[in-house]
Amino acid sequence: MPFRFDNSYARLPNEFFAPIKPTPVSAPEMIRLNHDLAQDLGIDVARLKSPEGLAILSGNKVADGSEPIAMAYSGHQFGGFSPQLGDGRAILLGEVVRKDGVRHDIQLKGSGQTPFSRRGDGRSALGPVLREYIISEAMAALGVPTTRALAAVASGDHVHREGIVPGGVFTRVAQSHIRIGTFQWFAARRDHENLKVLADYVIQRHYPDAKDANNPYLALLEGVIERQAKLIAHWMQLGFIHGVMNTDNMTISGETIDYGPCAFMDTYHPAKTFSSIDHQGRYAFANQGPIAHWNLTRFAETLLPLLDDDSEQAVAAAEIALDAFADIHRSELQRRFTAKIGLEAGDADDWSLVEGLLAAMTEGEADFTLVFHRLSESLESDNDDDVVGLFKQPNAIIAWLDSWRERLHVVDRERVVAVMRRTNPVFIPRNHRVEEAITAAYKGDFSPFHRLNEVLQRPFTTQIDSTEYETSPSPDEVVRTTFCGT
Ligand code: AMP
Ligand code: MG
């Protein structure tokens, strides 16, 4: 057996899920298998590469030991509550336990209809499968907590989206797929008994230290708030915009999940959005902190019955925990952004310096990733031309460079460069490159997809034969929106 499955979630009460087998596909073909991840999880790579492995990863065979289920959850989508979501096109095959004891879900996405499919076909187009593969693995290589890609399979079937496109099955790995929306499922049904079962399960699996706290459920809330506050700051360090921060797309484990209409910014603007359906800018770059706080407030509401028997006391405790979000998020954001300009223990003045740079970048319509990368190069070459050349209006950046260099007088230059090099990536999955890989794949050529994946494995390292992946898109290459048509 490639997998040694356990099924702890399937042992929870019936209200948590619906048992459902994947629906077979016509002619599965492996596109990419993540050997390193498989090995890391103690999965038998040779068996996974065999026809049996392909059959499991396409949904054509249920592995021995797997008890496939679709998980139940609700969620606020763009602010409106949907009590009935759940895995409509995903099926949890089971869990594997890594050598260090950390349990991981193995989930198929695009594996057919479930009782939660509503009017959906339960399938995925190949494009979004490749997109999630590229971006989630890039995020992992960048050091961001994230779900992972174990495999991308072409199904041999077609799906109807905007036109008819080839289908695919994606194998996702996560420390768990439990979301804020999972808690909302039980809260919306006033099922306090199962809410407690869920909270206890989550504490056991993700927050074992909370068990020993005075109030374990409050410690759970605090733990989730801390991980999410830090996660969003990490995204922002890299110019990442999630695009659909609905409460069903925010994990309790603190991993990034659901790479739909997400993208890394090219040109910096704090109000930048990508999703074609985000007309209000709800999930814009700089709004991600406030939205995470809003989502965590919804999470806290679900926990109220567990926090205290006295509802006023429960609300008071939740409010204190939620108030901590802003401080944690801000200090993490400041730490990460001052490191981007080479300053490790950034103070308030250093943060003003960062704000000055971001303002110059907004005004000058400069490329977010290139600016920081070239700033570190300018320190080594003592030449600012390549930085200044990124700005449409150079005055603000020229003035800013003077104040930055003045600040750096008192800091060890080599240290500054080292900090910047490990904070600022050379390579991000630029949207036009992702689109290019998908377009080629739709014509049967997977080489740009593989090449992009390989370059993104070492995002902080200059790769002289891959400089075309560093640069921002030309005007005709710019991808303005990404679609939820997954
Ligand atoms: P997402 O946009 O991936 O976060 O999905 C939101 C909800 O829609 C989840 O409940 C999904 O399971 C469901 N969904 C999305 N696409 C499909 C599909 N093709 N078939 C069935 N359900 C879907
Ligand atoms: Mg989702």
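Laid out as a table, the results:
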item	result
Helices (runs of 4 or more DSSP H) (entirely within the stretch 35-106) containing at least 1 residues that are within 20 Å of the chain's Cα centre (by Cα) and surrounded by fewer than 21 Cβ atoms within 10 Å (Cβ to Cβ)	35-40
Only listed residue being in contact with a Gly (Cβ under 8 Å, 6 or more places away or on another chain) and more than 16 Å from ligand 2 (Cβ to nearest atom), chosen from Leu126, Leu93	Leu126
Candidates Val224, Val315, Val244, filtered to the one that is in contact (Cβ under 8 Å) with a residue 24 or more places away in the chain and away from ligand 2 (no atom under 16 Å from the Cβ)	Val224
Glu365 at positive phi and not assigned by TED's automatic domain parsing to the domain that holds Pro290	yes
Pairs with Cβ under 6 Å, 6+ apart, first in the stretch 8-19 and over 18 Å from Leu195 (Cβ atoms) and touching a residue at least 12 places away in the same chain (Cβ under 8 Å), second hydrophobic (A, V, I, L, M, F, W, C) and surrounded by 13 or more Cβ atoms within 10 Å (Cβ to Cβ)	Ala10/Ile69; Ala18/Ala70; Pro19/Ile69
Qualifying positions in the stretch 185-200 - crowded, with 20+ Cβ neighbours inside 10 Å and in contact with a Phe, Trp or Tyr (Cβ under 8 Å, 6 or more places away or on another chain)	Trp185, Leu195, Leu198, Ala199
Test result for Asn249, more than 23 Å from Leu12 (Cα to Cα) and either within 16 Å of ligand 2 (Cβ to nearest atom) or of a type outside the set (Lys, Arg) (or both)	no
Any hit, the stretch 301-324, residues being over 30 Å from His409 (Cβ atoms) and among the hydroxyl-bearing types (Ser, Thr, Tyr)	yes
Test: residue in the stretch 260-270 that is surrounded by 24 or more Cβ atoms within 10 Å (Cβ to Cβ) and within 13 Å of ligand 2 (Cβ to nearest atom)	yes
Residues of the stretch 110-121 satisfying the condition of being surrounded by fewer than 24 Cβ atoms within 10 Å (Cβ to Cβ) and within 15 Å of ligand 2 (Cβ to nearest atom)	Phe116, Ser117, Arg118, Gly120
Residues satisfying the stated conditions in the stretch 257-272, i.e. part of a strand (DSSP E or B) and either among the aliphatic types (A, V, I, L, M) or within 13 Å of ligand 1 (Cβ to nearest atom) (or both)	Ala263
Selection status of Val159, away from ligand 2 (no atom under 16 Å from the Cβ) and β-branched (Val, Ile, Thr)	yes
Long-range neighbours under 9 Å by Cβ, at least six apart or interchain, first residue within 20 Å of Ala360 (Cβ to Cβ) and touching a residue at least 24 places away in the same chain (Cβ under 8 Å) within the stretch 255-276, second within 16 Å of ligand 1 (Cβ to nearest atom) and among the aromatic types (Phe, Trp, Tyr)	Met265/Phe274
Within the stretch 60-107, considering residues that are in contact with a His (Cβ under 7 Å, 6 or more places away or on another chain) and either among the aliphatic types (A, V, I, L, M) or more than 13 Å from ligand 1 (Cβ to nearest atom) (or both), the one farthest from Asp157 (Cα to Cα)	Arg98
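Quick grid of which residues meet (1) of a type in the set (Asp, Glu); (2) surrounded by fewer than 20 Cβ atoms within 10 Å (Cβ to Cβ):
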{"site": "Ala399", "(1), (2)": "no, yes"}
{"site": "Glu406", "(1), (2)": "yes, yes"}
{"site": "Met420", "(1), (2)": "no, no"}
{"site": "Asn424", "(1), (2)": "no, no"}
{"site": "His432", "(1), (2)": "no, yes"}
{"site": "Ala437", "(1), (2)": "no, no"}
{"site": "Ala441", "(1), (2)": "no, no"}
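The values are calculated or read from the model by the stated rules, or taken from the named source; none is laboratory data. Since the model is a prediction, treat every value here as computed from it, not as a measurement. No Cβ is skipped: glycine too gets one built from the backbone with ideal geometry, and neighbour counts run over all protein chains shown.
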